[in-house]
Structures are given as structure tokens and as C-alpha cells.
Amino acid sequence: MKTDDLRARFLQFFQNKQHSLFPSDSLVPLDPTVLFTSAGMNQFKPYFLGEKKDVLRATSCQKCLRTGDLDEVGKTAFHHTFFEMLGNFSFGDYFKKEAIEFAWEFLIKELNIKEDVLWVSVYQDDDEAYTYWKDKIGIPQQKIVRLGAKHNFWPANAPADGPNGPCGPCSEIFFDKGSHIGCGKSNCSPACDCGRFVEIWNLVFTQFNRVGVNQLDPLGQQNIDTGMGLERMVSVLQRKDSNFDIDILLPAVEFVQKTMSKKKSSDNDPRRLINAIVDHARASVFCIADGVFPSNEERGYIVRKLIRKGLYHGYLMGKKSPFLYRLVPIYAELMRVPYPEIWDKKEDISSVILAEEEKFLKTVETGKSQFQVIIEKAGKEQRTLLKGEEIFKLYDTYGFPLELIKDLAGRTGHSLEETEFYGLLEQQKESSRGRSMFEGTIFAQEDLQFDIKTEFVGYDTESAPVEIVMILEGKNEVSELTTQDGAIVLDKTPFYPESGGQLTDAGLIETSSGKFKVDMVKKFNETIVHFGKVIDGKVIKGSGYARIDTERRRGLMRAHTATHLLQAALRQVLGTHVTQQGSLVDVDRFRFDFTHFKGVTREELKRIEEIVNDYILLNTPVEKKVMSYEDAKQEKALAFFEEKYSNFVRVVTIADYSKELCGGTHLDNTSQIGSLCVCSESSVASGIRRIEALVGKLAYEKFTSYRDLVNELSQELKTGEASLPARITVLQADLKQKSDMIDNLEKESLASNVDEIIRSGLKPAGKSNVVVVNFQDKGANQLLHLSDVIRKKMADVFIFLISSSSQGVAFVAACGDTLEKKGFSCKKFIETYKDTLFLRGGGRPALCQGVVTQMKDRDEFKQKLYGCIKEWFEQCGY
């Protein structure tokens with residue numbers, strides 16, 4: 001059975017059992033406590049909590065990512081970072097009986113698996129599940145295994161170890177590969193990890209609420225959460241010993257095998273590395289498709305690590321150039337049916353991965369230099385063991401896989417202090433797990449909890465009669481507010497809560513007894529809460545009148561509608577790979593983050609601004625309508641990947657050039673924006689750019705300031721506006737000529753006084769000499785010229801020249817030919833003492849230049865510099 005067939009048959013089976021079909025959620029979850037979607041149940045959290053009740057049964061095939069055991073990938077037949085999880089769910093509807101019956105029926109009748117190759121496990125105290133498997137399903141007693149809370153309770157060991165909250169026993173279904181596999185013992189069962197038994201389905205019966213150590217209270221709503229690993233189940237159906245041999249992974253494996261160098265791998269098990277490459281590349285493809293790009297922070301850091309580990313695995317097999325990006329079209333074709341977006345975005349995904357591969361290969365060279373510094377430090381301390389913190393810095397800061405560090409260390413006769421390294425790595429993993437897995441606070445509610453649904457009427461009106469239904473002081477409900485800060489909940493409101501990048505409305509809530517100034521509005525589930533303070537009288541529950549600040553709302557709408565026009569223009573000029581990555585919509589100003597793999601040129605930026613202003617002048621109606629999410633997708637409406645959408649969504653359409661899912665407030669036509677002025681374009685992270693712009697009155701003020709500046713320059717330079725560029729070019733040429741004349745005179749002056757300069761800074765150092773001189777207001781070119789002059793006069797010398805100016809402190813370090821032949825390297829000296837002396841710069845062994853980032857006292861710095869030079873010369877024997 002093909003993977004696509006199993007996926008389709010599973011979902012159709014449960015649809016026939018009255019389960020609502022949910023599409024896979026994004027790998028980027030709405031829940032801020034986790035980095036990635038790691039289980040099928042993640043998107044159903046509101047249903048498990050009872051917050052949403054419109055669906056009782058659901059089924060899905062969920063894209064998942066887990067990186068807690070990244071180093072295990074490739075070593076086992078079934079371990080992945082990215083995988084698909086088939087699942088069926090019940091929210092207070094059916095329970096153990098039906099869950100077990102459904103699972104058994106699907107396996108036996110739908111997939112035609114023989115009963116005699118299936119075993120099950122149950123939680124050791126779950127007599128109900130045990131009895132049902134034995135008496136109703138008819139599984140022989142010897143094929144039902146009772147296991148403890150570590151294996152058959154969710155979360156694992158929850159009764160004793162926590163966390164508090166909903167939990168329950170599990171029942172797992174195993175496929176028996178046969179007694180000829182594994183340990184061969186007569187008593188082998190799913191309790192054994194020899195490899196004979198493959199877990200294919202986990203049924204979680206969420207029936208308890210943990211309130212303390214081994215204190216489990218019954219839950220008011222019993223839920224079912226099941227998970228079947230798609231790849232693992234397919235490997236069983238296709239009779240493969242490894243997931244990496246199934247139809248959606250084997251073509252990628254074969255491609256990597258053909259791509260690798262024919263020379264012998266430095267790893268004893270090349271197939272392990274190939275499997276890891278295939279996994280990491282696939283995970284990266286799906287993350288990037290969902291809008292997560294390589295970076296140094298959170299999700300982006302994980303993607304960067306996946307790409308770099310995959311690339312280095314190839315490096316170990318002799319592949320010294322980028323190749324992961326070539327896997328993208330293979331995955332696009334293999335996953336084209338369930339995930340057409342991979343096919344649509346394949347060129348853009350390839351570009352992102354290629355750029356990251358090229359960046360890492362450059363990083364390897366930089367890291368090797370840092371590794372050399374570590375080796376030299378170890379040599380000075382007369383040790384061959386590299387410290388755990390040194391290894392971890394290479395691993396974490398420079399992205400070096402441990403295998404690379406071991407390889408480099410082995411070549412220099414060094415070993416690694418791995419215990420400390422793994423301790424630091426585990427600390428990092430624990431921190432990561434808290435953000436990437438459903439642990440600890442999986443079902444934690446917001447600090448503020450409400451059971452009130454506020455109707456938002458702000459699309460149609462700017463003011464409305466309202467009913468005050470709740471008043472809060474801090475987190476406590478009170479009967480009235482006088483002069484203190486507080487919060488108010490209304491039955492309905494025209495105030496838009498902060499959402500989707502758009503800042504909150506502000507305004508007043510008035511009652512017969514007082515006025516409440518609204519400064520901020522937030523939404524907690526279905527409740528909209530107004531934060532602010534009483535500015536007159538007191539506020540009590542009852543009737544009132546809510547009125548937003550209309551000027552603020554207009555400014556927010558101008559900016560928000562302009563972001564839609566900007567995205568349309570960006571896609572027109574730069575390409576359809578452009579997608580929103582974030583935004584901040586303020587009054588008549590906004591910033592907009594988007595995917596693009598290089599800087600936007602001046603000409604492109606000009607064209608983008610021009611197109612947006614053309615759109616504004618067209619006076620095009622801005623249409624807003626509510627439709628089903630599926631219909632919106634059919635109409636190709638753009639969606640922001642960090643937003644989560646319900647079954648019905650609001651679509652904002654502007655002619656035929658902009659159609660987006662958006663719940664924000666918008667203008668009625670484009671001309672109301674006035675104009676748009678792009679202020680800046682910059683990089684936010686790898687593959688993500690940011691544009692900041694002004695609209696409305698602020699844009700007008702900006703254009704006016706430009707006009708005033710041009711007028712002022714025209715008067716100062718005594719030329720017309722049209723002639724300004726030419727006039728400035730002439731002045732710049734004249735200035736450069738004079739600057740060059742001054743520079744040459746300074747160089748001549750320094751050269752003519754070189755003997756005196758040498759005498760002023762000459763000191764012995766080891767078996768050689770050092771010249772250290774501190775200048776005032778000398779340029780880097782002048783210092784370089786002087787160092788050349790000194791080197792012609794002295795061959796066995798280290799030169800360190802410093803110059804302080806209003807721009808900072810520059811330095812030049814150079815060595816004579818004789819000292820260089822002894823093995824002296826200015827570059828190594830700078831790298832060794834850069835932290836001690838606050839040096840930032842680089843160059844080659846004979847010459848380096850840069851800046852001193854901190855120098856409070858020149859004489860103190862000079863003494864510290866002499867000390868470092870003396871230490872270096874003594875240690876190296878120069």
C-alpha cells in the first residue's frame with residue numbers, strides 16, 4: 001500500500017465514523033509555549049479544554065516536528081524529526097470501547113492485517129481496557145501486556161512525576177515481525193526493546209485530572225487522543241525493515257547515495273548518515289514551507305541546525321559542496337498530493353537551503369580558525385584534553401557538529417571532555433523541550449479566565465450602547481472602579497483588540513456615574529477585555545456607552561490597508577515567493593516583514609513605492625466578506641502563517657491584486673490612505689527583510705521635510721534643485737582631492753620622522769623587538785603606510801600602532817620578515833588577545849588592522865598590550 005493510499009483510507013474511514021476532517025495544522029503552533037507542532041492533538045487543545053464545543057469527533061493527518069533526540073535520527077529504523085501523525089479524537093463523546101473497536105476494525109478489516117501478528121499493551125492498573133481487549137475483541141491473554149506509567153501513561157510517569165492537569169492511561173498496538181527477529185527469547189513481548197515488536201498505534205484515554213503526587217481525580221469530560229505514525233505504519237504494510245525504505249523516502253535515500261563521494265566515508269556506517277541527511281532535509285523543507293527560515297533564534301535556530309547537521313553528514317562522506325537543496329524537488333514530487341504547497345514553493349525553498357549551506361561552509365572555515373585558537377590554548381596549558389565548554393562553544397556558536405570536532409581533534413592528537421559537553425547540551429535540551437514539546441503546562445489556562453463571549457461590532461460602528469458585565473482590579477473581580485487602573489468586560493464592543501500586528505483601539509466607556517479611558521484592548525479566547533483607568537467619577541456594572549478614538553482608528557486603518565497594498569506590490573516586483581512574516585500596524589505608520597533572499601535594490605524599492613501609490617490613486621473599493629476557510633483557500637487568499645483561522649474567515653479583497661485573510665479593520669477604498677512613503681528596508685534574519693513606511697498625514701509630513709531639505713540644500717550650494725546631484729558630485733571630487741593631498745602629506749611627515757617614532761616606542765620582546773606607538777587623529781591608511789616604512793627598516797620586529805579620534809580607536813599590527821619566518825602571526829595574536837584587549841579586526845599573518853572597542857585610558861591600555869606581547873613572545877619562543 002502506498003503512503004498516499006494509507007493516509008487517504010485512514011481519514012476516509014473515520015469520516016465514515018462521523019469524525020470531522022481537519023487539515024494538518026502548520027508546524028508553527030498558535031500556542032506560544034511550544035516551538036513546533038509535535039503531536040496530532042496540538043491543534044485540538046481548545047476542544048480538549050472544553051473551550052470549543054462545535055465538534056465532538058475529529059480526524060487528521062498532522063505534520064509534526066520533534067527535535068529532543070536529534071542525534072538518534074539515522075541510528076534507528078523508525079526515528080524522525082519530521083513525521084506525519086494520523087489520529088482520531090473524541091471530545092467528551094466516545095471513550096475506550098469505541099476507540100478500541102475503531103482501531104481494531106481499521107487494522108483488521110480496512111488494512112487486512114492478520115490478527116495473530118498484533119499484540120497490545122495496557123496500563124498496569126487499567127482493568128477496563130484489559131478486559132475489553134480480552135473479552136470483547138478476543139485477543140489472547142498472553143498477547144496483552146500490562147506496562148507501567150513510564151510506557152503506558154500520558155504524559156509519561158504523570159501519576160508520580162506530574163505535571164498536574166489532564167492525563168490518562170494508554171493502550172498501544174504492536175505489530176509482531178516474528179520470533180526470528182530480535183532477542184529470540186521465548187518470553188519476548190512488547191515490553192522488550194529488541195526490535196521484534198513495532199508500535200503502530202497509541203490510544204490515549206484522557207480520563208483523570210492530576211492534582212498531586214499519585215492523586216488522580218476523574219475528569220468531567222473524558223477525551224480520546226490517538227496517534228498512528230504514518231511512516232512506521234507504511235513500513236509495516238510495505239514489509240520494510242526501515243522507515244527510510246518506504247515509497248516517500250527511498251527516492252531521496254537513493255539520490256543521496258548517488259551524490260556522495262565514492263571514496264571511503266570517515267564514518268563506519270554511511271547508511272546511518274544518509275538516513276539522517278534524508279530526514280533533516282525533509283524536516284527543513286516543511287519548516288521553510290510553513291514560513292520558518294534559518295536564523296539564530298528559536299524555530300529558525302532549529303532549522304539552521306537541521307540543515308547544518310545534514311550538510312556535515314555529507315561532509316563526512318566526502319561531499320564538500322552544497323547538495324541538500326537538490327533534494328527539494330524530489331520531496332516536492334513525492335509529497336505533491338497531500339502537500340501541494342511544497343511543489344508551489346520548491347524554487348524558493350531550494351534558494352533558502354542553498355544560501356544556508358553556502359553560509360555554513362564559510363562558517364566551517366571560521367570555526368576551524370577558532371578551533372586552532374583552542375588547540376594553542378590547550379598547548380600553553382600543556383593538556384591534550386579539550387574542555388567541555390570549549391567543545392560546546394564550537395557546537396553551539398559556530399554550528400560545528402560533534403563529529404566534526406572529534407575529527408579535527410583526532411588529527412591534532414587531542415581528545416574531548418565529553419561528560420561536561422553532554423551536561424551543557426542536556427541543559428540546552430531541557431530548555432528547548434520546555435518550548436518544543438507538550439510538557440508541564442500543556443493545558444495551562446491564561447492567567448485571566450473568562451466565561452463571557454463579547455460580540456465585536458467595530459466593523460460596522462465606532463460607538464455603541466453597551467452593558468458592563470465585569471469589572472476587574474488586577475486579576476480580581478470587583479463591583480466598582482473609582483480612580484484606580486482596571487479592566488472592563490462588555491457584552492459587545494466597538495473596540496478592536498490587539499491582533500494580527502494591528503495595535504489596539506483606544507477611547508472612552510461612559511456611564512451615568514463616570515468615565516473610563518480605554519488605553520489597551522486584548523482578547524482572551526472569546527472575551528474582549530478593555531484596560532485603562534477611571535478619569536471621572538466611578539464605574540459600576542450596568543448600561544453604558546462605548547466610543548472609540550476615531551482619529552486613531554482612521555490612522556490604524558490607513559496603515560493596515562497599506563500593508564495589503566505593499567504585499568501586493570512586493571509580490572509583483574520581487575516575485576510570488578514573498579509572504580508576510582510579521583507586521584506592526586500603528587497610527588499612520590507600519591513595519592512589514594517578508595520573505596526574500598537578498599536586499600531590495602534602490603530601483604526595486606522605488607518601483608514598489610510607486611506601485612503602492614498608483615494603487616492608492618485608483619480609488620479602488622476595499623471589499624470585506626466572510627466565507628469558509630476552504631473557499632478562501634480555493635480563491636487563493638493569502639494567509640499569514642502565524643495566525644490560526646476558524647472554519648469561517650474574513651477575506652479582504654482589493655480589485656484583482658490583493659486578497660488576504662484578515663480580521664483587522666480596513667478602509668472602504670484605497671484613496672483614503674492618502675499616500676505612502678517608504679522610509680527604510682533592512683534585514684531582520686536570514687531570508688527575511690523588513691520595510692518601514694508611513695502613510696496619511698505622517699507620509700505627507702515626511703515628503704514635506706524632504707522638500708524643505710532640498711530647498712535648504714539648494715540655497716546653501718547656490719544651485720537649482722535639478723542641479724543638486726551634479727553640484728554635490730563636484731564638491732565630493734574636490735573634497736577627495738584635498739583629502740588625498742592631506743593624507744599624502746601626513747604619510748610623508750610620518751615617514752620623515754620614522755626614526756624618532758621608532759625610538760619613542762621601541763622595546764625588547766623575547767629575542768625580538770616591539771614598537772608600540774599611540775597617535776592622535778591618524779587615519780588607517782597612514783598607520784598602514786607607517787608600518788610598511790618601519791618594516792623596511794627593521795626585520796625582526798612586531799609593530800602595533802594605535803590612533804584615537806572622534807570616530808573611535810583604530811589599530812594596525814604588523815611584523816617584519818624575519819619575525820614572520822620564525823612563525824609569528826599577527827592574526828593569531830589578535831585572535832588570542834581579542835577579548836583581553838577588546839580588539840576587533842583581522843587580516844593575514846604579516847598584517848592586521850581593526851578597532852579597539854574599549855580604551856578608557858591610553859597608558860593603561862599600552863601597559864596591558866605590552867604584557868600580552870611579552871606573554872605571547874615568551875610562550876612561543878620568539
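The values are calculated or read from the model by the stated rules, or taken from the named source; none is laboratory data. Every value quoted in this text rests on a predicted model; they were computed, and no experiment measured them. Reconstructed Cβ throughout: ideal geometry from the backbone, glycine too, with neighbour counts over all protein chains shown. These accessible areas exclude ligands, DNA and RNA; they are computed on the full protein's heavy atoms, side chains included. Shrake-Rupley method; radii C 1.70, N 1.55, O 1.52, S 1.80 Å.
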Given H placed on each backbone N at 1.01 Å, which residues far from G507 in sequence or on other chains put an amide H within less than 5 Å of it?
V518, D549
In deg cm²/dmol and to the nearest 500, what is the mean residue ellipticity at 222 nm of the chain if only DSSP H runs of at least 4 residues count, each as -39500 (n - 2.57), divided by the residue total?
-12000 deg cm²/dmol
Summed over the other residues with a beta carbon less than 13 angstrom from that of L762, with K and R at +1 and D and E at -1, the charge totals 0
Surface accessible to a 1.4 Å probe, per residue, for the residues of the chain, Å²:
46 Å²
With T366 itself left out, Lys, Arg at +1 and Asp, Glu at -1 over residues whose Cβ is under 12 Å from its Cβ give +1
Cα-based reach from K377 at 21 Å (exclusive), listing lysines while leaving out same-chain residues under 8 positions away
K368, K387, K393, K406, K822, K827, K828, K834, K864, K870
Averaged over every viewing direction, what's the projected area of the C-alpha convex hull for region 703-742? Give it in nm², one decimal, please.
3.2 nm²
Could you tell me the convex hull volume per residue, in Å³, taken over the Cα atoms of region 708-822?
131 Å³
For region 129-242, just the Cα set please: Rg and Dmax, both in angstrom.
15.9, 47
Which of the peptides 738-745, 419-426 is most tightly packed, and how do the rest follow, judged by the mean count of other Cβ atoms within 10 Å per residue?
419-426, 738-745
Mind checking the log10 I(q)/I(0) for region 551-631 at q = 0.17 Å⁻¹? Debye, one equal scatterer per Cα, no solvent, two decimals.
-0.79
Less than 13 Å Cβ to Cβ from M228, Lys/Arg counted +1 and Asp/Glu -1: what total charge do the surrounding residues give?
-3
If packing is taken as the average count of other Cβ atoms within 10 Å, what order do 38-49, 697-708, 459-470, 551-562 fall into, highest mean first?
551-562, 38-49, 459-470, 697-708
Sorted by packing (mean other beta-carbon atoms within 10 Å per residue), highest first, where do 371-377, 617-623 land?
371-377, 617-623
Percent of Cα-Cα pairs more than 17 Å apart in region 56-104, please.
53 percent
What angle do you read, to the nearest 10 degrees and between 0 and 90, between the alpha-carbon axis of helix 298-316 and the longest principal axis of the chain?
80 degrees
Angle between the chain longest axis and helix 250-259 axis [Cα atoms, degrees, rounded to 10]:
20 degrees
Please report how many Lys pairs in region 212-365 have alpha carbons closer than 12 angstrom, counting only residues at least 8 apart along the chain or sitting on separate chains.
5
Which of the lysines could a cross-linker bridge to K736, judged by Cα under 20 Å and excluding same-chain residues fewer than eight apart?
K747, K778
Semi-axis lengths (Å, descending) of the ellipsoid that matches the C-alpha gyration tensor of region 755-878:
20, 16, 14
Angle in degrees between helix 270-289 and the longest Cα principal axis of the chain, rounded to the nearest 10
90 degrees
